[in-house]
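Worksheet for the structure shown next.
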Amino acid sequence: MDLGLTGRVAIVTGASRGIGRTCAAALAAEGAHVVLASLDPARNAEACAAIKSQAKGKVLGIPTDFTKDDAVRTLFDRTMSEFGRLDIQVNNAAYVGAGDFFALDEKKLAEAFEHKLNGTVRCSRYAIPHMRARKWGRIVNVAGGAAWHPQLGAITVGLNNAAMLNLTVALANDLGKDGILVNAVVPTSIRTERHDENIRKAMQKSGKSEAEVLAPRTSRIPLGRMGTSEEVSDVVTFLASERASFVTGSAWAVDGGASARM
Ligand SMILES: NC(=O)c1ccc[n+]([C@@H]2O[C@H](COP(=O)([O-])OP(=O)(O)OC[C@H]3O[C@@H](n4cnc5c(N)ncnc54)[C@H](OP(=O)(O)O)[C@@H]3O)[C@@H](O)[C@H]2O)c1
């Protein structure tokens with residue numbers, strides 16, 4: 001299937017590792033020009049170098065702190081001066097700790113939204129005018145299964161991801177007339193470096209083997225295993241493509257069936 005991505009210009013936030021990195025790599029391999037935006041400059045440069053070797057389009061790294069409005073404006077200004085257009089925005093970056101409801105104070109609550117939702121709002125605000133100008137655009141928001149499985153022990157994760165879905169539908173309803181399609185993916189239990197780190201910590205703390213630590217997580221998944229970031233980026237790449245032309249306002253679970261329902 002030709003995804004029609006050749007020559008499209010995409011920004012992927014949080015592209016230095018995990019799901020964002022495979023999204024950037026997949027879009028670049030399909031012929032899109034891709035801007036990698038993430039916080040740490042060294043990790044950003046390493047990811048750019050690795051992705052360039054497989055890319056059909058151009059790859060540009062712009063280290064960006066998406067909690068800072070000035071930095072986000074610079075990201076879009078530099079993208080426009082380099083490529084002159086923006087077609088695809090993948091809002092994936094996050095740094096969300098699992099904040100317990102009873103441990104939340106005003107500062108922690110404000111920070112929690114700053115580390116996912118607010119960055120997505122900021123990036124979307126800057127992206128939309130460029131897409132409107134060409135009457136074509138794709139915004140893909142990476143939410144997370146906690147949106148559908150609320151827990152007080154991880155309330156900041158759930159609230160952020162639920163808000164990502166709310167924003168997705170609100171934007172989709174308004175932007176369809178401008179040819180801009182807005183969708184979300186909802187991953188759960190994806191083995192990224194961050195996930196592996198958590199598993200290592202849980203093994204150290206409990207003295208259990210990797211299989212023992214993973215068992216309670218995978219037993220709730222109909223496919224019986226964790227997912228890979230490539231399995232998420234395949235869906236993101238489709239939603240970012242020409243082929244998803246009648247899909248907007250949707251939320252695609254990528255979780256091995258963990259959220260399956262009627
Ligand atoms: N993995 C899962 O199972 C899972 C489950 C549910 C939802 N999700 C969602 O999927 C997305 C990706 O998850 P992941 O596991 O791939 O994450 P990850 O490996 O922790 O990567 C996070 C990315 O976000 C970037 N980032 C963090 N703070 C930033 C900031 N202030 N400004 C710009 N970039 C920033 C990081 O950049 P640096 O290189 O600078 O650190 C990194 O590139 C997140 O939205 C997450 O909530 C993942």
Members of the range 157-197 found to be free of Cβ contacts under 8 Å to residues at least 40 places away in the same chain and within 12 Å of Leu117 (Cβ to Cβ), listed by number | Gly158, Ala162, Asn166
Could you grab the pairs with beta carbons closer than 6 Å, sequence gap of 6+ or different chains, first residue in the range 43-68 and of a type in the set (Phe, Trp, Tyr), second one in a helix (DSSP H, G or I) and crowded, with 21+ Cβ neighbours inside 10 Å?
-> Phe66/Val72; Phe66/Gly119
Of the conditions (1) over 29 Å from Ala127 (Cβ atoms); (2) under 15 Å from the mean Cα position of the chain (by Cα), Gly153 fails just one. Which one is it?
-> (2)
The one condition in (1) assigned to a helix (DSSP H, G or I); (2) of a type in the set (Gly, Ala, Ser); (3) more than 14 Å from the ligand (Cβ to nearest atom); (4) more than 25 Å from Pro129 (Cα to Cα) that Ala28 fails to fulfil | (4)
Reported set for the range 118-146 where residues are part of a helix (DSSP H, G or I), more than 14 Å from the chain's Cα centre (by Cα) and among the hydrophobic types (A, V, I, L, M, F, W, C) is Ala127, Ile128, Met131, Ala133, Ala146
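Looking at Lys108, Lys135, Lys177 in this structure, which one is more than 14 Å from the ligand (Cβ to nearest atom), modelled with pLDDT under 95 and assigned by TED's automatic domain parsing to the domain that holds Ala26? Steps first, answer last, please.
On the way: Lys135 fails: modelled with pLDDT under 95; Lys177 fails: modelled with pLDDT under 95.
Unique residue meeting the criteria: Lys108.
Take the residues in the range 86-105 that are within 16 Å of the ligand (Cβ to nearest atom) and assigned to a loop (DSSP other than H, G, I, E, B); name whichever of them is surrounded by the most Cβ atoms within 10 Å (Cβ to Cβ).
Taking the range 86-105 first, the residues within 16 Å of the ligand (Cβ to nearest atom) are 89-99.
Restricting the remaining residues to those that are assigned to a loop (DSSP other than H, G, I, E, B) gives 92-99.
On the way: Asn92: 30, Ala93: 26, Ala94: 24, Tyr95: 15, Val96: 21, Gly97: 12, Ala98: 14, Gly99: 21.
Per the criteria, the residue is Asn92.
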Does His195 fit the bill of being outside any helix (DSSP H, G or I) and either at pLDDT below 95 or over 13 Å from Thr248 (Cα atoms) (or both)?
-> no
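Test Ser209 against the stated conditions and say whether it is of a type in the set (Gly, Ala, Ser) and buried (at least 16 other Cβ atoms within 10 Å of the Cβ).
Working: of a type in the set (Gly, Ala, Ser): yes; buried (at least 16 other Cβ atoms within 10 Å of the Cβ): no.
Considered against the rule, which asks whether it is of a type in the set (Gly, Ala, Ser) and buried (at least 16 other Cβ atoms within 10 Å of the Cβ), Ser209 comes out as no.
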Quick one: Leu223 ticks every box in (1) within 16 Å of the ligand (Cβ to nearest atom); (2) aliphatic (A, V, I, L, M); (3) over 22 Å from Ala253 (Cβ atoms) except a single one, so which number is it?
-> (3)
The number of residues in the range 229-262 that are under 20 Å from Ala146 (Cβ atoms) and free of Cβ contacts under 8 Å to residues at least 60 places away in the same chain is 5
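Quick one: would you say Glu231 is exposed (fewer than 12 other Cβ atoms within 10 Å of the Cβ), of a type outside the set (Ser, Thr, Tyr), under 23 Å from the mean Cα position of the chain (by Cα) and in a helix (DSSP H, G or I)? Walk me through how you get there before you give the answer.
Values: exposed (fewer than 12 other Cβ atoms within 10 Å of the Cβ): no; of a type outside the set (Ser, Thr, Tyr): yes; under 23 Å from the mean Cα position of the chain (by Cα): yes; in a helix (DSSP H, G or I): yes.
Here the answer is no, as Glu231 does not meet what is asked.
The values are calculated or read from the model by the stated rules, or taken from the named source; none is laboratory data. Here the structure is a predicted model, which is why all the values come from computation and not from measurement. Heads up, the Cβs are rebuilt from the backbone with ideal geometry, glycines too, and the neighbour counts pull from every protein chain shown.
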